[in-house]
Amino acid sequence: VTCEGGAWQGLEVFPAECLDCAAICEFVVPAACSEGPPELSDCVSGCEAVLAGDCRIPFHHTLACAGGAPNFGCDAMGRPVVAGCEQQFANLYMCTGL
């Protein structure tokens with residue numbers, strides 16, 4: 001969405017490639033970040049909880065930035081992150097309180 005003339009308007013863009021929870025977690029867990037999910041099942045359940053909650057929009061922005069074959073590493077706080085998507089991850093982590 002974008003703000004135009006004092007009202008929120010839908011903004012059409014080409015669809016970004018993104019993965020569902022099970023697929024993204026296949027990339028997250030192997031990064032073995034100290035503040036990341038230790039097991040695939042933990043990752044999937046956490047991902048699904050975020051999608052069902054108030055942080056789904058920042059989460060979708062993060063998934064869109066990460067793309068279809070993300071290379072996860074760990075940030076300075078030990079949280080999973082994809083290089084080039086640091087701001088999207090920061091927004092997501094701020095929203096979720098991580």
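The values are calculated or read from the model by the stated rules, or taken from the named source; none is laboratory data. Note that the structure is predicted; figures quoted are calculated from it, not measured. Glycine gets a Cβ as well: all are built from the backbone with ideal geometry, and neighbour counts include every protein chain shown. In case anyone asks, the SASA skips ligands and DNA or RNA and just uses the protein heavy atoms, side chains included. Shrake-Rupley method; radii C 1.70, N 1.55, O 1.52, S 1.80 Å.
What the table below lists for this structure:
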quantity	calculated
Failed criterion for residue 35 (all others in (1) modelled with pLDDT of 95 or more; (2) not in a loop (DSSP other than H, G, I, E, B) hold)	(2)
Candidate set: segment 76-98, residues that are closer than 19 Å to residue 30 by Cβ and open to solvent by less than 40 Å² (accessible area, probe 1.4 Å); chosen: the one nearest to the chain's Cα centre (by Cα)	89
Residues of segment 57-75 satisfying the condition of being among the aliphatic types (A, V, I, L, M) and open to solvent by less than 30 Å² (accessible area, probe 1.4 Å)	63, 66
Residues satisfying the stated conditions in segment 33-52, i.e. over 15 Å from the mean Cα position of the chain (by Cα), surrounded by fewer than 13 Cβ atoms within 10 Å (Cβ to Cβ) and not hydroxyl-bearing (Ser, Thr, Tyr)	38, 39
Pair list, Cβ < 7 Å and 6+ apart or interchain, from segment 22-47 residues that are in contact (Cβ under 8 Å) with a residue 12 or more places away in the chain and under 14 Å from residue 81 (Cβ atoms) to residues that are in a helix (DSSP H, G or I) and among the β-branched types (Val, Ile, Thr)	36/28; 37/28; 37/29
Among the candidates 50, 44, 81, residue that is β-branched (Val, Ile, Thr) and not in a helix (DSSP H, G or I)	81
